[in-house]
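Derivation of every value follows stated rules applied to the coordinates shown; laboratory data play no part. Predicted, not measured: the structure shown is a model, and the values here were computed from it. All Cβ positions, glycine included, derive from the backbone under ideal geometry; neighbour counts span all protein chains shown.
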Amino acid sequence: MATVNEGLNRFGNWIIMYDLGASLRDTRLKGSSIFRYEKEIKYRLYKRYYDINLDRVLDTLTTMDERNEHESVFMNLLKDPNEWALTGEVEQFKKIKLQISPSQEEISKKILERRLQIVWGPPGSGKTHFLSLFTTWYLSEYKSDDSKKNHFNGIKKCRAWSLWNKIGINDKPTVIGSTVWDWFKVRKSWNSGWVGCDIMIIDEGSQLLVSDASIAIECLNPKTGKLIVAGDHMQFGPILRATYPTFPLNHPLIFGSILQCLMRKENGNVIHEENLILREGQKHNFGPLTAQLKENWRM
C-alpha cells in the first residue's frame, strides 16, 4: 500500500509520488486517464498486464530486419506458407508399425511429403497424443538414406551440449521440449556450426501468438527444417485487446494465432474468422496444408 500524491507534468502524463515508508519513489503513467487520484488516499499499485516475451520478440524481429529477408525462415514462411511447404525433399515413407488410426497415418504421410503441416482436431481428437506417437515412430523406425542426416540432430553444437552429455545419447537424435523463451536462449547461444533444428512441433498453435511463434520458427533449419502446428482454431484464440493497424483483406493475419495465420486457401488467400463458419451444405476446407484428426477418443 502507498500514500499517493499526484500531479500532471508538462508532457501531460500523470506522475504519482508514493511513500513506501523508507523511500519516496516516482511512478509515471503513460497515456491518459479519466480517474482522478486524490491526495493522501492509499492505493494499491501493481502490474495489470506484463508480456514476458515482448523483449525477446522485439530482439528476434530486429535481428530478422537487419539481415536479408530471404534468410529468415519466419518471413519466407509468412509470405506464402503453401509454397514454403513444398520447398523440401519428399522423404521415403515406410509402413508405420504403431497402432494408429487412418487419419493419423494419413497425416503422418503428409508430414513426410512437405515441410509444413497443420494438424487440426476438436477436443478429444488426440492432437497431443498423435504428436507423441509420430515422434516416437519417427525416431525409432524411420531410416533415412546415409546421405541424409538424422532429424532433430545438431542441437549438440549449442549450449545444450551439456544436456546432451548428461542424458548420455551421443550421436543419437534428440527431442527437446521447451517454451519460446527457452528457444530464444538456444538461438542466442548457438555457434555458427549449427544451422538449426530439423523438426519444430508447436502444440496448441491456436493459442500461440504469431509474434511469439517467430522466436521458435527462426530456430528451424532454413533449407530443410519441417514445421508441424497442431491446434483447434474453433476454440478461443490468444487474448488480444489493443488497437492494431488496418491491413488489406489478403494480408497475413499477424495479430492472431500462428495456426490461423498459416492456414491459407488453395490460391494462397488468408482464411478469416467469418470463413470458419460453415453454411448449410458446406464442408470444411481450410486449405491444402490443414489435415483433420477425425477420431474422437473421449466418446
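Can you name the condition, by its number, that Phe247 falls short on among (1) touching a Pro at 6+ places or on another chain (Cβ under 8 Å); (2) within 15 Å of Lys79 (Cα to Cα)?
For Phe247, the exception is condition (1).
So, in the stretch 185-213, exactly how many residues are part of a helix (DSSP H, G or I) and of a type outside the set (D, E, K, R)? Can you show your working first?
Within the stretch 185-213, the subset part of a helix (DSSP H, G or I) is 185-189, 205-207, 210-213.
Next, from what is left, pick out any that are of a type outside the set (D, E, K, R): 186, 189, 205-207, 210-211, 213.
So the count comes out to 8.
Name every residue in the stretch 253-277 that is surrounded by 13 or more Cβ atoms within 10 Å (Cβ to Cβ) and assigned to a loop (DSSP other than H, G, I, E, B), in order of residue number.
Matches in the stretch 253-277: Leu253, Ile254, Phe255, Gly256, Met263, Lys265, Gly268, Ile271.
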